[in-house]
There are 2 protein chains.
Amino acid sequence: MSELCRDPITGRWNIIDTDEPTGPGGFQVEPEPLGGGTCPFCPGHEHLTPPEIYAVRPGGGPANGAGWQLRVVPNKFPALRIEGDLSRRGLGLFDLSNGVGAHEVIIESPDHRKHMADLAHEDLSRVLSGFTVRSLDLRGDRRFKYTLIFKNVGLQAGASLEHPHSQLIALPIVPKRVREELMGAGHYFDFRGRCVFCDMLHQELGDEERVIVENKRFLAFCPFVSSFPFEVWILPKAHHSDFAASSKEDLNDLARILKEVLLRVRLTLADPPYNFIIHSGPSEPREREEYHWHLEFMPRLTRVAGFEWGTGFYINPTPPELAAKALREVTISGADG
Amino acid sequence: MSELCRDPITGRWNIIDTDEPTGPGGFQVEPEPLGGGTCPFCPGHEHLTPPEIYAVRPGGGPANGAGWQLRVVPNKFPALRIEGDLSRRGLGLFDLSNGVGAHEVIIESPDHRKHMADLAHEDLSRVLSGFTVRSLDLRGDRRFKYTLIFKNVGLQAGASLEHPHSQLIALPIVPKRVREELMGAGHYFDFRGRCVFCDMLHQELGDEERVIVENKRFLAFCPFVSSFPFEVWILPKAHHSDFAASSKEDLNDLARILKEVLLRVRLTLADPPYNFIIHSGPSEPREREEYHWHLEFMPRLTRVAGFEWGTGFYINPTPPELAAKALREVTISGADG
């Protein structure tokens, strides 16, 4: 069982692994390159993952067998465990609770070599739809207050397997980073009566210089306050706080713009490691007028060091206008949107 | 000139380089190993750094010449520039100001190969004393509200030069991370009338299992809420909010315990990359009853990925009790404290 413990100073929670802890000998500064050994996510190796939670098998067939286009399985080394209750408790200064949560892996394609940018439009739509299916299902479990969907690609971005996959974590707490966003957006709404993200969308569309690409329902741009070089945000043009409530049409347009951003980044930056994170409202069946879900994409080009840890500031060597121009102007082929 | 710009949602400031920006071709995912080329910090190469701000030359001699034991120079590629004023301004949604600040490098020894852990006790005391001298001097500049002292060692920790050095940044704003700490500690003080760090010190001394080493004036321990494996905090036993006001005796004891921690970490973890950060109160000539300065040390053994960016949570695979035990039990020679 892992434990959640709360920093009494900043209120931040950490997850500490008490079950299979890693000792002094368990760290390698330069990890093994990805791709060695047997891939547990490839077809024919379904028995190497925990039993699947969800799959798309157009031709039918038994669970954990062949013929799938998309497969969702519990993470074999979960940060949090699905069983049990929170058992919140104090220990002197500190607050603790059991590390209860869900940690799932979305295997995006049976093809080991097919990166998200290479997926056909319908395949990428299926992945995004899988995100919403799992989010909505986990919402039924009242222990969970927040669902985070994210993707790590490449060693430098924290990936440990090469086969294209995303991750989903359902948490018993709305995490600090999300609370800060909700609070900041809430203050803005209280003050101005408008969604700060809607205002940002209008300012970016007007300024144009940080825009990369847009389609009917989405805008992709390098945000004015980019913490990282070539950071990209994808924002739905209509106000929605809840990613999981996206319609089929929304997900179709999101697949188009996401694929195009991934292709443009790959060509501009020589296939960099990256993370993306879907920032959505808490797990609740209501729209929030002050919050606007969006996807934040960060290629991992710089290293976070003492200054960033000490201040919470980020130093970005690339103005977003320069990044957006490069991403806008690169010639791509293969975007089918 | 770099620019400071503020995220209207979370209130976080970023520094964006508008002067010498890095474009698409300027990033290497795997940077060059350290140590190539001519070291600008080695004796005889003083002309390769900007003119020195402070130095210790026991035998005398001209500035920027030979014979120094410690040398402080402006960073050649500063994140912030010392000239000019803030010129705070708005741009639609966003807040901007000029990137005014000081960014200095403390060259810890003339010896390129002498890591901080290898410095003799008096040499390390001189480095720590240099930190306080520069902090106090920069306090004279009323534009600066906060001074951050930190050290990056190794590529994975964001270092770009091998020669042992630390960095100091004076900022026109108290950064978010520090404000959170001050606020959290302030709430605790309001509620309990005690310093949260003093309480933590007593709890850790009582529990014992997370303690690594102590001396007359300092305690080194793996904090209960460790965000990273083998994270170490060094806390002065007496309540002081301001590192720069440390006495000679304080700095002597700090040098002893810091050297011992560095040696123990090196032996336990095969000389890992690391960062340390001195967390001190804002630049002001008063003691704060709610805040307690301390040093946070983090070996860089894990990679921060989508989950951490999305939540602000950290997943730590090593319980602090296990880390402290390993660090406590490793046999060191060479600590002269």
In the range B:71-85, residue surrounded by the fewest Cβ atoms within 10 Å (Cβ to Cβ) [restricted to those that are away from every other protein chain (no Cβ under 14 Å) and among the hydrophobic types (A, V, I, L, M, F, W, C)]: B:I82
Go over the candidates A:A159, A:A220, A:A238 one by one and state the one that is within 17 Å of the chain's Cα centre (by Cα), free of Cβ contacts under 8 Å to residues at least 60 places away in the same chain and either in a loop (DSSP other than H, G, I, E, B) or closer than 15 Å to A:P320 by Cβ (or both). A:A220
Can you find a residue in the range A:130-148 that is within 14 Å of chain B (Cβ to nearest Cβ), in contact with a Lys or Arg (Cβ under 8 Å, 6 or more places away or on another chain) and crowded, with 22+ Cβ neighbours inside 10 Å? yes
Taking only the range B:235-261 into account, find how many residues are away from chain A (no Cβ under 14 Å) and closer than 13 Å to B:L128 by Cα. 16
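Being farther than 12 Å from A:W293 by Cα, within 11 Å of chain B (Cβ to nearest Cβ), in a helix (DSSP H, G or I) and in contact (Cβ under 8 Å) with a residue 12 or more places away in the chain: is that true of A:R264 here?
Taking the combined requirement at face value, the residue satisfies it.
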Those residues of the range A:268-280 which are closer than 30 Å to B:G23 by Cβ and either at pLDDT 95 or above or within 7 Å of chain B (Cβ to nearest Cβ) (or both) amount to A:T268, A:L269, A:P272, A:P273, A:Y274, A:N275, A:F276, A:I277, A:I278, A:H279
Here is a check on your reading of the model: is B:F276 touching a Leu at 6+ places or on another chain (Cβ under 7 Å), assigned to a loop (DSSP other than H, G, I, E, B) and closer than 22 Å to B:P164 by Cβ? no
I'd like to know if the range A:21-39 contains one or more residues that are part of a loop (DSSP other than H, G, I, E, B), more than 24 Å from the chain's Cα centre (by Cα), within 30 Å of B:G184 (Cα to Cα) and within 14 Å of chain B (Cβ to nearest Cβ). yes
Out of the residues in the range A:86-100 meeting the condition of being touching a Ser or Thr at 6+ places or on another chain (Cβ under 9 Å) and assigned to a loop (DSSP other than H, G, I, E, B), tell me which one is surrounded by the most Cβ atoms within 10 Å (Cβ to Cβ). A:G99
Scan the range A:109-121 and tell me whether some residue there is in a helix (DSSP H, G or I) and within 14 Å of another protein chain (Cβ to nearest Cβ). yes
Filter the range A:184-196 down to the residues that are more than 8 Å from chain B (Cβ to nearest Cβ) and either buried (at least 19 other Cβ atoms within 10 Å of the Cβ) or of a type in the set (D, E) (or both) and list them by number. A:D190, A:C195
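For every residue, the table says whether it meets (1) at pLDDT 95 or above; (2) within 18 Å of the chain's Cα centre (by Cα); (3) within 14 Å of another protein chain (Cβ to nearest Cβ); (4) crowded, with 23+ Cβ neighbours inside 10 Å.
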{"position": "A:L171", "(1), (2), (3), (4)": "no, yes, yes, yes"}
{"position": "A:R179", "(1), (2), (3), (4)": "no, yes, yes, no"}
{"position": "A:L182", "(1), (2), (3), (4)": "yes, yes, yes, no"}
{"position": "A:V211", "(1), (2), (3), (4)": "yes, no, no, no"}
Considering the range A:327-337 alone, what residues qualify as being modelled with pLDDT of 90 or more and either of a type in the set (D, E, K, R) or under 9 Å from A:F230 (Cα atoms) (or both)? A:L327, A:R328, A:E329
Go through the range A:40-50 and give me each residue that's over 23 Å from the mean Cα position of the chain (by Cα) and assigned to a loop (DSSP other than H, G, I, E, B). A:P43, A:G44, A:H45
Quick one: would you say A:A185 is within 19 Å of A:Y291 (Cα to Cα) and part of a strand (DSSP E or B)? no
A careful count of residues in the range B:281-337 that are aliphatic (A, V, I, L, M), more than 13 Å from chain A (Cβ to nearest Cβ) and either closer than 30 Å to B:D242 by Cβ or part of a helix (DSSP H, G or I) (or both) gives 1
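The values are calculated or read from the model by the stated rules, or taken from the named source; none is laboratory data. Since the model is a prediction, treat every value here as computed from it, not as a measurement. Ideal geometry is used to build each Cβ from the backbone, glycine not excepted, and the neighbour counts take in all protein chains shown.
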